[in-house]
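Taken together, the values in this text are just the output of simple stated rules run on the coordinates, not laboratory data. These numbers were taken from a predicted model, which means no experiment stands behind them. When we count neighbours, we look across all protein chains shown, and the Cβ atoms used for this are built from the backbone with ideal geometry, even at glycine.
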Amino acid sequence: MVERKNYRRSGWDWCRKIGVSPITCFALLRTKITVISDLDRYPLYQLLILHLLPLLHPTAEEESKTAESPQLKSEIVEDVYHVLFTSHHLVSPTKRRNLQRWSLEYHLDGFAKVGYPGVIYAQGSKDDIEDFVENVKAMQWKGLKVRFVEPLESLSEEDASSGREFLSGWNEYEKVGQVVEVMRRIARGKYVIEMGIGGGNE
């Protein structure tokens, strides 16, 4: 199990370098690793050569991607999680550095809103999100609340076709309005509005 997770993380790094959407990348890696890791002595090599390199030539792989898309959508619903924290404040440079470091270590996309109040949002695999949550909770906070840790629901067809943006990497914001705007752009605005972040103003 440990080796399989290492293969997935190595492939994840590679997908980031070629610009594949993090969520789609994770679903693809999960599907391919499950198939090849039990059949080959060198699963990482097989993953890169047979499945990831063809992504550099999307035209040649169009039929394959089309055939796999329903399965990828299913994997996304089952395996990608997200978490939202709020706290009285987030000003500590140490905490901010830790969040940045853990986002890289656990291959998460998300952001922290610094100042008063503090807001932390992240997306990633179930295991990585759970590890991230434990690390965040282990630090000393005033009024830290885990608002939710749950599977990331699939988007409606309208949202998926609206040209919405994806989170990429780790970012910091200073204003609540920026948090609301970012969450709206990735079609997740309801999560912060329902928690009372941003005053519920549309």
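For this structure, a couple of remarks:
- Relative packing of 94-104, 140-150, 120-130, which averages over residues the other C-beta atoms within 10 Å, highest first: 120-130, 94-104, 140-150
- Label-to-label distance, R101 versus M195, with points set 7 angstrom from Cα along the beta-carbon direction: 2.4 nm.
- Across K137/K175; K95/K137; K113/K145, pairs whose alpha-carbon gap is larger than 18 Å: K137/K175
- Each residue, E153 and K126, gets one label point 7 Å from its Cα in the Cβ direction; the gap between the two is 1.9 nm.
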